[in-house]
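This report concerns only the one structure given below.
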Amino acid sequence: MKFDRICGKISLLPRFSKQVILVSADFLVLLLSVYLAYVLRLGFLFTPNWNQCLLMLTAPFLAIPVFLRFGLYRAIIRYLPERAIWPIVQATAIGSLFWVTLVFLTEMSGGEGVPRSVPLLYWLLSTILIASSRFGAKWLLKFAQSGKTYSHSALIVGAGEAGRQLATALRSHSDTFVLGFIDNDPAFYGMDIAGLRVYPPEQIQNLIENHGVTEVVISDPTLDSAQRRTLIAQLSKLPVNTRILPAIADLTLGKYLVSALRNIEIDDLLGRSPVPPDASLLRSMVEGRVIMVTGAGGSIGSQLCRTIAHWSPARIVLFEMSEFALYQIDRKLREESRCQIVPVLGSVLDQELVERTIAENGVDTVYHCAAYKHVPLVEANPFEGIRNNVFGTAAVAAAVLTTGIERMVLISSDKAVRPTNVMGATKRWAEFILLHYSRKASASGQKQFFSSVRFGNVLGSNGSVVPLFQEQIARGGPITLTHEDMTRYFMSIREASELIIQSGAVSETGDTVLLEMGEPVKIRDLAENMILLAGLTVRSEDNPEGDIAIEVVGIRDGEKLFEELFYDPSSAEVTRHPKIMRARHSGIIVPDLPAEIERLRAAVKARDEERTRRILFGLINAAASEPHRLSA
C-alpha cells in the first residue's frame, strides 16, 4: 500500500528529521486549536483580523519550547505509553498560561481583547489534539510501518563500541526496539549516537516506566564491580529483564553478537573483576602435553578438564573414583573436544594404579583435585576426610616422584590457613606433602615441580552456598545463614580453572600460589542480592510483607567467621599475572613428614579420633611455632 511505503520512508529518516516533522505538526495543531477556540466561543467560522492573527501565531511559538522542556520530542512515538498523556497535559497547560499572560499584557497596552473562555478552550483543544495526534500516529505506525512490529524494547548501558555494535545487531536481527543508551559520561548526555539518544543513569527508572522498556542490556566494560553491583541491584527492583554482554574479546572469536548475550549471573554481584586469561601462559602449560586430572568428575576437576581441552592438549587422562561422575565428564569432553580422552576409574589411595596410569599414558602434568571439601561433612567423618585428602595426596605425590614426570599441582584451599576444621587441616597437610616432595626431588637432582594453588570459594562448585541459596529461594525461603557477619572469598569456577593452569607457568617448585580473590563478600549481602536478582524482596522487620526471609541458624562445627589466603601477606610476591601471587615455603620447617604420616595413619586405622585430631593439628601448630618465618 502507498501509505505503508510512506510510513516506511519516514521510519528510515534520521531522528532529527523526525523531530522536525513532529514540531511542524504540533505547530499546525496548536494554530488550529487556538482558531477553533475562537470559533467555539463565537459560534461561527470567521476570518481573523490582523491583531487576532498575530495572537494566534504566538500561541505555538510559546508552547513548543515548553514541549521541548517536557521532553515531548524525545519520546519514541511507536512506543509511547499511555502515561505520557500527563506530560502532555502539563505542557499544554503551561503553554496556555504563557499565552494568557501575553494576551493580558497586550490588553494592558491597548490591544484588542480576547474573550475569557478562549484560553480555557485553547488549552482543552490543544491537549486533546496533541494527544490524539501522537497516539494516532503510534497506532498507524504500529500496524502500517513496513510491516515491522517489535515484541520487546531495550535500553543499552554503555554507549561505547560494544554498545553501538549491539544496537546495530539488535535493530537488524531481532524484534527488539532499542530506545537508547545509558552512559556515565556527562559529555554524551543528550547526544544521539548511532541514531539513539544517550541518557544519564539517573533516568533509567523513568525511561523504563514511561517507555515500556522490557529489557536492559549492560555492555559497558568501564563499569567496575561496585558500579555493576549497584546497577544490578537497582534493575532487580524494576520490571525488566537484565542481561549482560560478554567481553568484546570473546565476541571477536566469531560468536554472533545478539546470541552472545547472557542473563545476569550471581558472579556479577561479587566484589571482583575477572582478568582475561593470558593465552601464552595457558598454551605453554597445555598445548601438546598429556595432562592427568585426579577428581576429574568433581566441580573444579571437570571445569579444569574443559579448560585444558580448549587449549589443544595431546591427551587428557581423567582419574575419578565415582563411576557416574567419570561417565559424565568423559561424555561431555568427547562432545566438546577433539583431543584423546582416557577415563580411569580408581582411587588416588591406590598408588600403584596412579603410577601405572601415569606411565602408560606418558603424563606430563598432574592436577590433583581429588579431595573431600565440604567442611561439616568432613568434620563429621574425619577418618575418611584424612584418608582421601592426606593419604591420597601422599600417594599421588609419591607416584609423580617415582615416575619422574614434570609437574604436580595441588588444588588447596583458603581453609588451610590457620585451620579450625579437619578439612582445612588436611589441606594444610597436603601443602606440606607437596613441599616435602619438592625438596626430595631437588635433593636427588630431579627437575620436577611440585606446587600448591590456594584460593577461596568457587561459585557453582559442589557444596557452594550459592546453589543452596538458589534452592531455598525456589522453595520460597527462608535462606539460612550461619552468622550475620560471616564473609567469604568468591571466584567463578571458570576463572579459577584458568588461573590454576596459568599458575604453573609463574611458580617454582615448592611454592604455594595464591589466587587474588578481591575483597571478601559478606554472606548476608550475597543472600540479599540473590533475592533481589530473583525479582523478589527480603522479608524483615522493616519489610514484613517481603517474599523471602533470612534466618541465622548459628555457626557449624569447624567454621570460621572469615577466611584468610595468607599466613603472612607481606611475604607474598607478585608474578607476571596480576591475579596470581607466590608465597615461598623456604622458611617453613616441617618435622619428619613421612613419620608423621605413619603416625596419623596408625591413629586413623585405630579409629582413635582424639589422637587423630591431636596429630593432625599438632603438626600444623609445630610448623607455625618454628622460629623461622612462616611465609605461606
Take the residue pairs Lys332/Lys447; Lys373/Lys605; Lys332/Lys579; Lys415/Lys522 and return only those whose Cα atoms are more than 23 Å apart. Lys332/Lys447; Lys332/Lys579
Order of Trp123, Trp311 - criterion: other Cβ atoms within 10 Å of each residue's Cβ, fewest first: Trp311, Trp123
What is the fewest-to-most order of Met423, Met486, Met191 by other Cβ atoms lying within 10 Å of their Cβ? Met191, Met486, Met423
What would the Debye formula give as log10 I(q)/I(0) at q = 0.18 Å⁻¹ for the alpha-carbon point model of the stretch 358-445, no solvent? -0.75
How far is it, in nm, from the label point at Thr420 to the one at Glu107 when both lie 7 Å from their Cα along the line to the Cβ? 8.3
Quick check on the stretch 280-624: what does the Kirkwood estimate of hydrodynamic radius come out to from the alpha carbon pairs, in Å? 20.9
Length gained when the stretch Ala602-Glu209 is fully extended (0.36 nm per residue, less Cα-Cα span): 134.5 nm
To the nearest 0.05, what FRET efficiency results for Gln234 and Asp547 with a Förster distance of 22 Å applied to their C-beta separation? 0.75
Quote the FRET efficiency, to the nearest 0.05, computed for Glu336 versus Ser284 with a Förster distance R0 of 22 Å and r equal to the Cβ-Cβ distance. 0.50
Give the order of Glu610, Glu360, Glu431, Glu596 when sorted by the count of other beta carbons within 10 angstrom, beginning with the fewest. Glu610, Glu360, Glu596, Glu431
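No lab work stands behind these numbers, since they all come straight from the coordinates. Keep in mind the model is a prediction, meaning the values are calculated, not measured. Cβ coordinates were reconstructed from backbone atoms using ideal geometry, including for glycine residues, and neighbour counts include every protein chain displayed.
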